[in-house]
Amino acid sequence: MCRAFRSEEAQLEKTLMSAMLWQPSAERISAARVTAFVDRVNRRHGQNLAGMPDLWRWSVASPAAFWAEVWDFCGIIGDGPGSPVVDDIGRMPGARWFPAARLNFAENLLRRTDDGDALVFWGEDRVKRRLSYRQLNRLVASLAAAMRAMGVTAGDRVAALLPNMPETIAGMLAAASIGAIWSSESPDFSVDAALARFGQIAPKLLISCDGYWYGGVRRELGAKLASIVGGLPSLEKLVVVPYLADEPDAPAIPRAVRLDRFIAVDAEDRPVFQRFPFNHPLYIVFTSGTTGAPKCIIHSAGGTLLQHMKEHQLHCDIKAGDRVCYFTTCGWLMWNWLASCLASQATLLLYDGSPHLAGCRVLFDYADAEAMTLLGLPGKVVDAIVKSGVKPAETHCLTDLRTILSAGSVLVPQNFDYVYRHIKRDVCLSSISGGTEILSCFMLGNPAGPGEIQTRGLGMKVEVFDDDGRPVTGKPGELVCSRPFPSMPLGLWDDPRGERYRRAYFSRFPGVWAHGDWVEVTKHDGIVVHGRSATTLDIAGERIGTAEIYGHVEAIGDVVEALAITQDWQGDRRLILFVRLKPGVALDPELIGRIEQCLADNLSPRHVPAKIVQVADIPHTRSGKLVELAVRDVVHGRDVAARDTLANPEALDLFAALPELSD
């Protein structure tokens, strides 16, 4: 698990010596997929590996053997793996994985064709649907046939502005079956934000819905869709999926057709799968765009499939018949991650809307109703659940829930404790961390080990470098991956020579992936996440991670949320802390003193802000991440690019020309 704060290390030592937050039973360890994988490696490679730490070391020392075993163990469908496993492992970027293999991503996800649940969907408390594997295959076949009929071919882009609903999964699988490239975003994106992304990749087809529900409010998309269609000259057709209405008024939008009419073509019950090289492009995903134009990152079908199946089966213990839910929009990488669970023959429990319905109980209601085995949540949603005071352990059964994942922002120590005390005692809680850039994770959980320390991803040679590019342990530095891995992006869109790609991820340490996170490897081989490198605070010559400040400040009962930046001031920089407080609470000298004392006692005097300022709201991306750089720009009077990519862009205005920052 990911511990965010250096001051927690003493307590961590005591915990390790006494009781773990979670310890898997002998039966669970024996039944875990990673246990079977370790046994397989020991037999086939003459090893004597004893568990996840040994397996990680072997996986990075023998990457070709490791990834070939993942291919076989996970049952990849295709022509392969072939030989060699990797061509030119010393090149980064440039190494080519499984160059002789051919596969189809959709064929791997649609391996089941029976009447068991493939997709279950809750659209808040208003819409409930389910599709069997047989029905999903049929829908994908119809969509793929319709795409082919309109001229979509391999390499064409299919874009989607959709909620996390069954048609989104089916549309992606249909595009993948043809070899087209899928790119999706959330329907709450503004016209400008959607065009800033889709306008770069020139899609031939756009799939959207007529609207969506959020917090019980009906939100129609008709006018927005008309403007988006008008801004995409490459677009040949818009397919409108019904959500708010059974028969949406699609003909009112140029080049639009309702879904039922689009798929009114002859199709088989099962899609036709064309196999492509391992590195055939599958997805284009976008960076947040809060500090410039969004980067369009291209991911391969083979790399995505292999990496996700490794993470699902070896780090999350997902098995055939499991029922997996991750609360995500279709513009966050966790949607792509969730979709791939079909390859492990799991049922996807899709949810669209607000996670705060029914007093933050709606996802736990879903867990009980559908025998959920894995629940994934953004860190900020966990924060909201904790602050709501809901105690599912007292109100819900959660009998089948084995795993809870958290991603998107640091899960602070007190929230670990809350999960085990008030949600479920016997659950593997894993804080996972990676990024859009790799469409996967660098750090994940260990379902067959004690629930206290997070592990590095198998096959990922994750290290921490100091400013001179030397590996360090026990002190913060840059998160790097010093050896190639299959899910490295193919590159950036419209970057034919790879110059922007190399500049973005390889310019800091040539030949090594620098991810932009400020982290630490502990002496227990765990990972401490201090924040993003770009948002670390340089105070008196020391770099301070923002995450360690937030965890302590937000543990104070009156504080809902915090955000820290440095302000240029009188030829130097000073630390500014913004706080959003509970309704009715004012930032008085007593509360300021408590915050200052908390930071001084738990961190250091350097962590005490020069100013603490109360604000009514704090801006986030749609996946719940704070946008410190955008706030810093506003405070300094600079323009912020792509404001409308934020979930609450109006919050940025609260930070302009604050009188508290003028003295």
- Message: Being modelled with pLDDT under 80 and either within 30 Å of SER388 (Cα to Cα) or buried (at least 22 other Cβ atoms within 10 Å of the Cβ) (or both) is the requirement here; does GLY545 meet it?
- Response: yes
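This table checks each residue for (1) touching a strand residue (DSSP E or B) at 6+ places or on another chain (Cβ under 9 Å); (2) modelled with pLDDT of 95 or more; (3) acidic (Asp, Glu).
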residue	(1), (2), (3)
ALA393	no, yes, no
ARG402	yes, yes, no
PHE416	yes, no, no
GLY449	yes, no, no
THR455	yes, no, no
GLY469	yes, no, no
PRO496	no, no, no
- Task: Go through the residues of the range 563-573 one by one and say whether even a single one is in a helix (DSSP H, G or I), closer than 22 Å to ARG532 by Cα and small (Gly, Ala, Ser).
- Result: no
- Note on the structure: Note: among ASP633, ASP558, just one is surrounded by 13 or more Cβ atoms within 10 Å (Cβ to Cβ), modelled with pLDDT under 95, in contact with an Asp or Glu (Cβ under 8 Å, 6 or more places away or on another chain) and over 29 Å from PRO163 (Cα atoms), namely ASP633
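Residue-by-condition table, conditions (1) out of contact with any Phe, Trp or Tyr (no Cβ under 8 Å at 6 or more places or on another chain); (2) within 30 Å of PRO187 (Cα to Cα):
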{"site": "VAL615", "(1), (2)": "no, yes"}
{"site": "ALA630", "(1), (2)": "yes, yes"}
{"site": "ASP644", "(1), (2)": "no, yes"}
{"site": "PHE655", "(1), (2)": "no, yes"}
{"site": "SER662", "(1), (2)": "yes, no"}
- Determine which member of the set ARG129, ARG148 is of a type in the set (D, E, K, R), surrounded by fewer than 20 Cβ atoms within 10 Å (Cβ to Cβ), in contact with a Pro (Cβ under 8 Å, 6 or more places away or on another chain) and at pLDDT 95 or above. ARG129
- Restricting to the range 234-255, what's the tally of residues that are touching a residue at least 24 places away in the same chain (Cβ under 8 Å) and either outside any strand (DSSP E or B) or surrounded by fewer than 22 Cβ atoms within 10 Å (Cβ to Cβ) (or both)? 15
- Query: Counting only residues that are among the small types (Gly, Ala, Ser), touching a residue at least 12 places away in the same chain (Cβ under 8 Å) and under 14 Å from ASN415 (Cβ atoms), which one in the range 378-403 is surrounded by the fewest Cβ atoms within 10 Å (Cβ to Cβ)?
  - Reply: SER388
- Note on the structure: Of the residues in the range 290-338, those that are charged (D, E, K, R), at pLDDT below 95 and crowded, with 24+ Cβ neighbours inside 10 Å come to none
- Note on the structure: When the range 590-606 is checked residue by residue, the ones that are of a type in the set (Gly, Ala, Ser) and part of a helix (DSSP H, G or I) are GLY593, ALA600
- Note on the structure: Residues of the range 46-63 being free of Cβ contacts under 8 Å to residues at least 40 places away in the same chain and either among the hydrophobic types (A, V, I, L, M, F, W, C) or closer than 22 Å to PRO484 by Cα (or both), in sequence order, are LEU49, ALA50, ASP54, ARG57, TRP58, ALA61, SER62
- Message: Please count how many residues of the range 36-90 are hydrophobic (A, V, I, L, M, F, W, C) and not in a helix (DSSP H, G or I).
- Response: 7
- Output for Cβ contacts, cut-off 6 Å, separation at least six or different chains, first residue within 24 Å of PRO251 (Cβ to Cβ) in the range 198-218, second aliphatic (A, V, I, L, M) and surrounded by fewer than 16 Cβ atoms within 10 Å (Cβ to Cβ), reads ASP210/ALA245
- Scan the range 202-226 for residues that are over 16 Å from LEU238 (Cα atoms) and outside any strand (DSSP E or B) and jot them down. GLY215, GLY216
- So, first residue in contact (Cβ under 8 Å) with a residue 12 or more places away in the chain and over 14 Å from HIS620 (Cβ atoms) in the range 186-197, second residue surrounded by fewer than 17 Cβ atoms within 10 Å (Cβ to Cβ) and of a type in the set (S, T, N, Q), Cβ within less than 8 Å, six or more apart or across chains; the pairs are VAL191/SER227
- Item | Residues located in the range 504-531, provided they are part of a loop (DSSP other than H, G, I, E, B) and either modelled with pLDDT of 90 or more or under 18 Å from the mean Cα position of the chain (by Cα) (or both) | PHE506, SER507, ARG508, PHE509, PRO510, GLY511, VAL512
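The values are calculated or read from the model by the stated rules, or taken from the named source; none is laboratory data. Just so it is clear, the model here is predicted, and its values are computed rather than measured. Every residue, glycine as well, gets a Cβ built from its backbone with ideal geometry; the counts of neighbours run over all protein chains shown.
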